[in-house]
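Below is one structure; the comments refer to it alone.
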Amino acid sequence: MEEVTSTNDYLKELLSNIKPLPEATAIMAIHQVKGKGQRGNSWLSKPSETLAISLTLYPKDFSVHQSFNLNMLICLGIQRWAATILPHVQIKWPNDIYANGKKLGGVLIENQLAGYHVRSSVVGIGINIKQQAFPTAIQDKATSLYIEEPTTPPQSLEEYGLSLLSTIMELYESIDLQDTQQLLDAYNDCLFRKEIPAYYEIEGETFSGIIQGVEGDGKLKILINDQERLFDLKEISFKL
C-alpha cells in the first residue's frame with residue numbers, strides 16, 4: 001500500500017470483511033500516517049524510510065495464557081534477520097529490537113480471542129531502514145539499518161520485507177509455539193542489558209538493577225538490592 005493509517009488496522013479490517021484470509025497474509029505500507037506502538041504510543045516515520053508490515057497468523061490450540069510465546073518468536077525472527085546485516089542486535093524486553101544499544105524497531109501484536117484461546121493474531125512490525133537522522137528528542141535512542149551499516153547494499157523496502165517475512169515464517173513453522181522453554185532460552189540469550197548493571201524507574205523512583213532474564217509469563221526478573229523482583233510492562237521503565 002502507498003499509504004495507510006496503520007498496517008495493523010488495515011489488516012484487521014480485512015480480517016473482519018474478507019473471511020478467511022490465508023495464514024501469513026501480509027501487507028506493507030510505504031507510509032503509515034498513524035502507526036501504532038506499545039502502550040498506545042505512536043510510531044513516527046517518514047515515507048519510504050521505515051519498513052512497516054503487518055501479517056496475520058492462526059496459531060493452533062494456542063492459549064491466551066501463552067500469548068507471550070508468540071511475542072518471543074516474532075522478536076527472535078526479527079533479531080535473526082537483522083543480525084545477518086548488523087552486529088550487536090538484541091531484543092529489549094518486551095518487544096523492541098535494538099542495535100548497538102539503540103532502538104531499531106518494534107513489534108505490536110493484537111490477538112483476536114475465542115474463549116481462552118487465540119483465534120488469530122495480527123502482527124505489526126516496524127523497522128527503521130533508510131533514516132539518516134532522527135528528531136532531537138529521540139536521536140540518542142533510535143537508529144536505523146543504514147546508520148548502523150552505511151555500506152549495506154541498497155534494496156527496496158519490498159525486498160527487505162520479503163526477506164524478513166521469510167525468516168519469521170521459517171521460525172514459525174519450525175518451532176513449537178507451545179514450547180515455552182525453548183523460546184525462553186533463545187529469547188534470553190539475546191536479551192538487551194542482561195546481567196549488566198543499569199538504571200530503571202519503578203513507581204517514580206530510580207533504582208540500580210541487573211536483569212536476570214524473562215520468565216515464561218513474560219515478566220522481567222531484575223536483581224535489585226540483592227533481591228530478585230518480577231515486573232510486568234506497566235510497572236517499570238528503562239533509563240538511559
**Report entry** Helical mean residue ellipticity (222 nm; -39500 (n - 2.57) per DSSP H run of 4+; nearest 500) of the chain
**Finding:** -8000 deg cm²/dmol
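What's the extension gain from ALA114 to GLN155 if we count 0.36 nm per residue and subtract their Cα-Cα distance?
Numbers: separation 41, 0.36 × 41 = 14.76 nm, distance 4.00 nm.
Gain on stretching ALA114 to GLN155: 10.8 nm.
Would you please classify the overall shape of the range 10-146 from the alpha carbon gyration tensor, given that a ≥ b ≥ c denote the square roots of the eigenvalues, rounded means a/c under 1.5, and beyond that prolate means a/b larger than b/c while oblate covers the rest? The partial results should precede the final answer.
On the way: a/c = 2.10, a/b = 1.57, b/c = 1.34.
Prolate is the answer for the range 10-146, as a/c is 1.5 or above and a/b outweighs b/c.
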Query raised in the report: In a GNM of the chain with a 10 Å cut-off on Cα contacts, which of LEU55, LEU191, LEU21 has the highest mean-square fluctuation?
Result: LEU21
Query raised in the report: So what J values fall out for the range 225-235 if you push phi through Karplus, 6.51 cos²θ - 1.76 cosθ + 1.60 with θ = phi - 60°, rounded to Hz, Gly and Pro as x?
Result: 6, 6, 10, 7, 10, 10, 9, 9, 4, 8, 9
Report task. Can you bin the chain into rounded, prolate or oblate? Criterion: square roots of the alpha carbon gyration tensor eigenvalues sorted a ≥ b ≥ c, rounded for a/c under 1.5, prolate for a/b above b/c, oblate for the rest. Result -> oblate
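When you count, for each residue, the other Cβ atoms within 10 Å and take the mean per peptide, how do 137-143, 92-98 rank with the highest first? Mind showing how you got there, number by number?
Working: 137-143: 13.7, 92-98: 21.7.
My ranking of the peptides, most packed first, is 92-98, 137-143.
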Query raised in the report: Which whole-Hz ³J(HN,Hα) couplings does the range 133-150 yield from phi under the Karplus relation 6.51 cos²θ - 1.76 cosθ + 1.60, θ = phi - 60°, glycine and proline marked x?
Result: 7, 10, x, 3, 5, 10, 5, 8, 10, 10, 8, 9, 4, 6, 5, 6, 9, x
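In square nanometres, what is the average projected area of the Cα convex hull of the range 71-196?
Working: hull surface 35.9 nm².
Averaged projected hull area, Cα only: 9.0 nm².
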Query - Largest-first ordering by accessible area, 1.4 Å probe, given options LEU165, LEU51 - result: LEU165, LEU51
**Report entry** Euclidean distance of C-alpha centroids, the range 97-118 and the range 139-191, integer Å
**Finding:** 12 Å
Query - Phi to ³J(HN,Hα) by Karplus 6.51 cos²θ - 1.76 cosθ + 1.60 over the range 2-10, Hz, x for Gly, Pro - result: 6, 8, 9, 5, 8, 5, 5, 5, 5
Report task. Would you mind calculating the gained length between PHE207 and GLN181 on full extension (0.36 nm times residue separation, minus the Cα-Cα distance), in nm to one decimal? Result -> 6.4 nm
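The values are calculated or read from the model by the stated rules, or taken from the named source; none is laboratory data. Since we're looking at a predicted model, the values are computed, not measured. Quick reminder, even Gly has a Cβ in these numbers, built from the backbone with ideal geometry, and neighbours come from all protein chains shown. Side chains are part of the model used for accessible areas, which takes the heavy atoms of the whole protein and leaves out ligands, DNA and RNA. Shrake-Rupley method; radii C 1.70, N 1.55, O 1.52, S 1.80 Å.
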